[in-house]
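Scroll down for the structure; my scribbles are underneath it.
The values are calculated or read from the model by the stated rules, or taken from the named source; none is laboratory data. These figures come from a predicted structure and were not determined experimentally. Methodologically, a virtual Cβ is constructed for each residue, glycine included, from the backbone with ideal geometry; neighbour enumeration extends over all protein chains shown. Calculation scope for accessible area: heavy atoms of the full protein, side chains included, ligands and nucleic acids excluded. Shrake-Rupley method; radii C 1.70, N 1.55, O 1.52, S 1.80 Å.
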Amino acid sequence: MLSISIYTLGCKLNQLESEAIADAFRDAGFPVIPLNEDEPADVVVVNTCTVTSKAEQKARRIIRKLAANNACVIVSGCYAQMNPQAVAAIDRRVVVLAGDRKSALLDLPAALAPAEGSVCEHYAPSLPDSVSRLLHSPVSGAGRLEQFRYTPDTFSFHSRAFLKIQDGCDRRCAYCRVRLARGASVSLEPERALNQLRALEEKGCREAALTGVNINQYNSGMDLTGLVSYLLKGTQRIRIRLSSIEPDGVTEAFCAAIADARVCPHFHLSVQAGGDATLAKMMRPYTREVVERSAALLRSVKDDPFLGCDIIAGFPTETAADFEETLDLCGRIGFAWIHAFPYSPRPGTAAFCFKEKAPEREISRRIDALLALAHEGRRSYINRQIGKRAEAVIEAADDTPPGFAVGTTETYLKALLQAPDGGTPRAGDAVSCILTDAGHAPLPRAYDMRGTIL
Ligand code: SF4
């Protein structure tokens, strides 16, 4: 029986698609095992990312190692979509499946169905050849809607569920390769989204994150605001978390819809810079004033929501003064976390040929400054939550001492929770708790807070 591992790089969308691929293999009777680079599974799916050159380097290193250790390596995802030749050149045994054909991996398990006899006998002339033949055979109903076939029954790598509502993007941000890899924006019909969310709720899932490349581009007879209201009306209990949102997508109508208590008070804004000059060169369709207003609007409908953001440091043409504007904006808004990324030149993007680039040392200084602000913001946010009541979804964590459980609160904080009667809740359960203090003692793992289950 072939053993299978899945290795995922990149965004929540890739994570969700990998969950569905793992599910398909398990349903076909294959054991899905944790990745072991030195003694890999018979088949390893590497689901790649192309957002930064670092993500591609990481993929190349692991693909090379797995192939050298005789795994049948199937590489898909955005890097495989953008550079199939470069991926194929890593090792001739690697099977490359372009990102827009990734859904063929959902059909592969049934075609590879476990058979008697040894791998060599069954998969002649070789496993990679058989896999490649199966993956590249015409897939029934191939077409854009294949993008929404990723609906895992169980989530083996996450305790909370994801729901893919959108893919691709119609914007033209100057640094972004995602839109080149994933194509134009497409949206899942609201009825299918509701059916999937109801199915998760019926299975006992207490939370689902609405996911896509740019969910603010959701458009299927209604926009994201309409979809959120429609999903809330059609379900009872499951809480909804939103993956990254665009500052210019935060309107009063949107805030009226997300004011519902079942929408998690945790918002991650794709900000990227804080100066209008840099935003314009990035081809981001908003100004710093719009970012400030979006934060104020979100805070007007939620009690102290967790606001996070993405910032790119060192975008070509960004001067030290431009960067000070970014720091100033982040400080004024008081983000609870900042994902700080060093600019990564991406072939095929408008900014790739921009000349004025800040020296590496200066970019690192800017990243450090953003991270210092991020840690400060997180500390003060955590201190504001002490004594507050929270709803946490319990995570599967095997290093938790008896009588304790780890949960993710609606504000996206990781909390180490003491169960009063010593009876620990199961992974996936939702519990009410009081957040008692910051920090994670007595355990080595980093937790934002400690608390007591009510
Ligand atoms: S909004 Fe911009 S950065 Fe985001 S996926 Fe679209 S093009 Fe890329």
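Taking all protein chains in place and a 1.4 Å probe, what share, in percent, of the accessible surface of the chain do carbon and sulfur account for? Numbers along the way, then the final one.
Details: 10190 of 19040 Å².
Carbon with sulfur: 54 percent of the solvent-accessible area.
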Specify whether the C-alpha gyration tensor of the range 1-96 places it in the rounded, prolate or oblate class, a ≥ b ≥ c being the square roots of the eigenvalues: rounded for a/c under 1.5, otherwise prolate if a/b is larger than b/c and oblate if not. oblate
Counting pairwise Cα distances across the chain, what percent come out greater than 38 angstrom? 26 percent
When the solvent-accessible surface of protein heavy atoms is calculated with a 1.4 angstrom probe, in what order do Thr235, Thr452 fall, highest first? Thr452, Thr235
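According to the square roots a ≥ b ≥ c of the eigenvalues of the Cα gyration tensor, what is the shape class of the range 43-86, taking rounded for a/c under 1.5, prolate for a/b larger than b/c otherwise, and oblate for the remainder? Intermediate results must be reported in sequence, preceding the final value.
Values: a/c = 2.17, a/b = 1.62, b/c = 1.34.
Prolate, because a/c is 1.5 or more and a/b exceeds b/c.
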Once the convex hull of the C-alpha atoms of the range 255-300 is built, how many Å³ does it hold per residue, rounded to a whole number? 74 Å³
With a ≥ b ≥ c from the Cα gyration tensor eigenvalues, square-rooted, and the rule rounded for a/c under 1.5, otherwise prolate when a/b > b/c and oblate otherwise, the range 386-453 is rounded
Search the structure for amide H atoms under 5 Å from the amide H of Phe404, placed 1.01 Å from N in the peptide plane, and list their residues when 5 or more places away or on another chain. Ala419
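So what is the calculated 222 nm ellipticity per residue for the chain, using -39500 (n - 2.57) for each DSSP H run with n of 4 or more, over all residues, to the nearest 500 deg cm²/dmol? List each step's numbers first, then the result.
On the way: 15 runs with 155 residues, N = 454.
Calculated at 222 nm, the ellipticity per residue is -10000 deg cm²/dmol.
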Long-range HN-HN contacts of Cys264 with modeled amide H, under 5 Å: Ile240, Arg241, Leu242
Estimated distance in nm for a label pair at Thr452 and Ala277, the labels positioned 7 Å out from Cα along Cα-to-Cβ: 5.5 nm
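Report the relative contact order of the chain, percent, no decimals, based on alpha-carbon pairs under 8 angstrom and at least 6 residues apart. Write out the running numbers ahead of the final one.
On the way: 923 pairs, mean separation 46.4, N = 454.
10 percent.
Which of the trypsin sites (Lys or Arg not before Pro) across the range 184-281 are loop residues per DSSP, with 13 or fewer other Cβ within 10 Å? Don't jump to the answer; show the numbers that get you there.
Values: sites: Arg192, Arg198, Lys203, Arg206, Lys233, Arg237, Arg239, Arg241, Arg262, Lys281; in loops: Lys203, Arg206, Arg237, Arg262.
Of the trypsin sites (Lys or Arg not before Pro), the ones in loops of the range 184-281 whose Cβ has at most 13 other Cβ atoms within 10 Å are Lys203, Arg237.
What longest range of the chain stays clear of loop-exposed GluC sites (Glu not before Pro) (DSSP non-H/G/I/E/B, at most 15 other C-beta within 10 angstrom)? Mind dumping the intermediate values first?
Details: sites that count: Glu37, Glu116, Glu356.
Counting at most 15 other Cβ atoms within 10 Å as exposed, the longest clean stretch of the chain is 117-355.
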Rough spin-label spacing in nm, given labels placed 7 Å along Cα→Cβ, for Glu360 and His136: 3.7 nm
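By the scheme Lys and Arg +1, Asp and Glu -1, what is the net charge of all other residues having a beta-carbon under 12 Å from that of Arg177? Spell out each step's value before the answer.
On the way: positive: Arg172, Arg179, Arg182, Arg346; negative: Glu56.
In short, +3.
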Where the convex hull is taken over the Cα atoms of the range 180-249, what is its projected area averaged over directions, in nm²? 5.1 nm²
Along the Cα-to-Cβ line of Ser156, 7 Å from the Cα, sits a label point; which residues in the range 1-24 have backbone N less than 18 Å from it? 1-9, 14-24
How much accessible area per residue does the chain have, in Å², with a 1.4 Å probe? 42 Å²
Around Arg60, what is the net charge, scoring Lys/Arg as +1 and Asp/Glu as -1 over all other residues with Cβ under 13 Å from its Cβ? +3
Spelling out what I want: for every residue of the range 305-316, take phi, set θ = phi - 60°, compute 6.51 cos²θ - 1.76 cosθ + 1.60 (Karplus), and round to whole Hz; glycine and proline get x. x, 7, 9, x, 7, 9, 9, 9, 9, x, 4, x
Relative contact order of the range 386-453, pairs being alpha-carbon contacts under 8 Å that are 6 or more residues apart, as %: 36 percent
If each K or R counts +1 and each D or E counts -1, the residues other than Phe352 whose Cβ falls under 10 Å of its Cβ total +2
Could you run the Karplus curve 6.51 cos²θ - 1.76 cosθ + 1.60 with θ = phi - 60° over the range 31-36 and give me ³J(HN,Hα) per residue in whole Hz, x for Gly and Pro? x, 9, 10, x, 5, 10
